[in-house]
Amino acid sequence: MKQQLLKKLQQNAELNINDIEEHKRKGNHAIGFYCLYAPTELAVAAGAIPLPLCGTRHDPIEVAEETLPRNLCPLIKSSYGFAVSDTCPFFRFSDIIVADTTCDGKKKMFELMSDIKPVHVLQLPQQQNFDLFLEPWKNEILNLKTVIEDMTGNQITREKITSAIELLNRERKAKKRLMDITKATPSPLTGMELVEILFKTGFFADKQKGIDLIDEIIDVCNTLIKNGDTPYKIDTPRILLTGVPIGLGSDKVVKIIEESGANVVAFENCSGYKQTFQIDETKEPFLALAEQYLSIPCSVMSPNQGRIDLLDEMISQFSIDGVVDLTWQACHTYNIEAVQVQKFVNDNCKLPYLHIETDYSESDTEQLRVRIEAFLEMI
Ligand code: SF4
Ligand code: SF4
């Protein structure tokens, strides 16, 4: 039953390309986003399709390295490589790119990307001090509103932004319900299956279609839990993955952990649980968007206590046996923050912790396998 649904997911992912083409043929727009901090509600409110564009594949990195330094985060090189080689249909569909000043590498890469396509950069504060930064951040969001209105010719009325917030809140709730399925011990889903579902539904032009499919998968998983139908045993090590975002193509660490006999049951990163926030529907919409997006606990914020708080909550709720902290090579913010995360996991949670720094290539796969197997033996 689960396999049939995963097949349906794949079919829908393929049909989704046609949906986007059809949407564009009718003169509508698509907007590419590179970071969780950018409020996609604005695109939805203007009748445009928001497309998540972060590069997760190794293939376009070689062409990116003709321009970018080699010792740069693979996510940045992959994203730029897709753009410069015109090999990502979602980048091609995007009429404009919404970027954020997150880390140094990304914001400088966006300057080069603007030679390929119009890029609007949101000046993201580096601290979550609302007294100092909420107002300027809200103004950034209002500026983006104007840019999107001018491009699409559609006014983002109060009614439209409110209904976009409601729709995307429903999508985030569905994703949370899905990710919470793996709280069951043992879990009916593999970490790789979770990555696949979250990755593929992220591109759906029709958000409601994605929500319905996620709900169908949740129903099947609940039946599997009831029937005790799971690929795991009660004592299979339960791993939480934290750190940088991952997706299909940049999932080698999840694969190796699961091939080594554990189950990645929780993803704390921005491709996982960090996406499960809710925008307050009772507040003035743009203030609510500014508050919630600025509160995302990514390592580009300094300090970033929110990540430790989220880890604390997830480690206990998902009955975690060990934490793997993933850093893409040359990602300074996650690399340095690993010191605090290790201290918290070891000292406060009394759990084993493994920090992995790698890229998208397969060159270190066997080396990683040895380290991960040794780590799992500690559990
Ligand atoms: S890791 Fe942080 S900066 Fe990078 S995409 Fe995620 S939220 Fe944005
Ligand atoms: S993983 Fe780190 S270096 Fe790479 S884009 Fe995200 S914050 Fe920047």
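Values in this text are rule-based calculations from the coordinates and carry no lab data. A quick note: this is a predicted structure, and the numbers were derived from the prediction, not measured. Please note: Cβ atoms are built from the backbone with ideal geometry, for glycine as well, and neighbour counts cover all protein chains shown.
Tabulated data
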quantity	calculated
Separation in nanometres of the label points that stand 7 Å from Cα toward Cβ, at Arg170 and Asp104	4.5 nm
Coil-residue trypsin sites (Lys or Arg not before Pro) of segment 28-92, DSSP, other Cβ within 10 Å capped at 12	Arg70
Choice from Ile165, Ile97, Ile225 with maximal GNM fluctuation in the chain (Cα, 10 Å cutoff)	Ile225
Assigned charges on the beta-carbon of Lys, Arg, Asp, Glu; segment 24-156 dipole about Cα centre (debye)	360 debye
Overall dimensions of segment 221-364 by Cα: Rg and Dmax, Å	16.5, 50
Those lysines that a straight Cα-Cα span of less than 21 Å connects to Lys138, excepting residues fewer than 8 apart in one chain	Lys107, Lys160, Lys274, Lys283
Cα-based reach from Lys145 at 12 Å (exclusive), listing aspartates and glutamates while leaving out same-chain residues under 8 positions away	Glu41
Evaluated at q = 0.33 Å⁻¹: base-10 log I(q)/I(0), Debye formula over Cα of segment 52-96	-1.20
Out-of-range pairs (alpha-carbon distance over 21 Å; input Lys7/Lys200; Lys175/Lys200; Lys77/Lys117; Lys24/Lys173)	Lys24/Lys173
About the Cα centre, charge dipole magnitude for segment 223-379 (Lys/Arg +1, Asp/Glu -1 at Cβ), debye	160 debye
Residue-wise HN-Hα coupling along segment 114-119, computed from phi with Karplus coefficients 6.51, -1.76, 1.60 (Hz; x: Gly, Pro)	5, 6, 9, 8, x, 10
Leading residue at positive end of dipole, segment 24-156 (Cβ point charges), from Val84, Pro69, Leu144	Val84
Neighbour net charge for Trp137 - beta-carbon separation under 11 angstrom, K R +1, D E -1	-3
Within straight-line cross-link reach of Lys233, lysines at Cα separation under 16 Å, skipping those fewer than 8 residues along the same chain	Lys183
Computed over the chain, Cα set: Rg, Dmax in Å	20.1, 59
Cα-based helix-to-principal-axis angle, 130-152 vs the chain, degrees rounded to 10	60 degrees
Spin-label model distance (nm) - Asp131 vs Glu159, 7 Å beyond Cα toward Cβ	4.1 nm
Rounded if a/c under 1.5, otherwise prolate or oblate - segment 24-156, Cα gyration tensor axes	oblate
Dipole axis of the chain (+1 Lys, Arg; -1 Asp, Glu on Cβ), positive-most option in Ala266, Asn346, Ser363	Ala266
Three-way shape call for segment 220-304 based on the alpha-carbon gyration tensor, with the a/c threshold at 1.5	oblate
GluC sites (Glu not before Pro) restricted to DSSP loop in segment 246-299 with at most 13 other C-beta within 10 Å	Glu281
For segment 71-100 and segment 140-173, distance of Cα centres in Å	23 Å
